[in-house]
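Here is the structure we will look at.
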Ligand code: C5P
């Protein structure tokens, strides 16, 4: 079923819906034993913590994808709130720096089931030109490596990365560093607006721990069947 003993389902379904009722209707059709759920900025701004609580009450573990980036005290407070909400995973921008990341890590330490704390390195919408524009001379791949290493040294559990980056990060950051990869598409399916996609099996073989999947499930005529097919593919990885 695409799980391992310690980590549960590897598939994280991105609930990219503008309306909480749509997200909840999909959640009602999915199985918490087969996937986790990702709540991002739009859905959270509309549905708030109450929506996250209702998803958790259905048995789902939630990745709160709000990519915090602010002064250390403010990000620590947001991460404390996420821990108290009981989410399974939360993320911050590595560009917020080591002091911010360490403050976030320290504040969630005491929680019985503390959330996994994950960093975003370089947004995939940023190419070398966009980095140069904001004063970063590094190539995107080098910036990703540098920020992932900084995140690990700051005590974070892992990073969001493209599956294309997974093998290099697995080699440089070690076996325990969690790699969360979007841009996943079953073989032969539409890439949508993703530039570089990888099949679930190839992403796991490249070193990914968790796979973020949106439209292949959310836009499927039968989301539960689509989820089952993806998990079947992973089971063979
Ligand atoms: O529908 P699709 O599978 O492309 O959705 C992918 C999800 O992963 C979306 O929620 C998107 O915002 C997120 N994501 C991404 N690429 C990144 C980081 C996050 O596609 N680099």
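Using the Kirkwood radius over C-alpha pairs as Rh, can you work out the diffusion coefficient of region 145-198 via Stokes-Einstein at 37 °C, viscosity 0.692 mPa s, in µm² per second? Rounded, D is 273 µm²/s. Only Cα sites of region 93-149 enter the Debye sum here, all with the same form factor; the resulting log10 I(q)/I(0) across q = 0.13, 0.29, 0.30 1/Å is -0.41, -1.17, -1.22, listed in q order. Computed over the alpha-carbon pairs of the chain, the distance histogram in 5 Å steps reads 1, 7, 15, 18, 20, 18, 13, 6, 2, 0 percent, short to long.
Evaluated over the Cα positions of region 1-96, the convex hull gives a direction-averaged projected area, one quarter of its surface, of 6.4 nm². Rounded to the nearest 500, the helix-only mean residue ellipticity at 222 nm of the chain stands at -13500 deg cm²/dmol, with each DSSP H run of n ≥ 4 adding -39,500 (n - 2.57). Restricting the calculation to Cα atoms, region 116-237 yields a radius of gyration followed by a Dmax of 15.2, 46 Å.
Provide the gained length on full extension for the span residue 57 to residue 81, in nm with one decimal, where the gain is 0.36 nm per separating residue minus the Cα-Cα distance.
Gain in length upon complete extension: 6.9 nm.
What FRET efficiency would be calculated for the residue pair residue 7, residue 69, taking the C-beta separation as r and a Förster radius of 35 Å, to the nearest 0.05? E between residue 7 and residue 69, to the nearest 0.05, is 0.85. A simple spin-label model places pseudo-atoms 7 Å from Cα toward Cβ; at residue 139 and residue 29 they are separated by 4.3 nm. The label-point distance for residue 46 and residue 126, in a model that sets each label 7 Å from Cα toward Cβ, rounds to 2.8 nm.
Read the figures in this text as sums done on the coordinates, not as results from a lab. Owing to the predicted nature of the structure, the values given are computational and were not obtained by experimental measurement. Every residue, glycine as well, gets a Cβ built from its backbone with ideal geometry; the counts of neighbours run over all protein chains shown.
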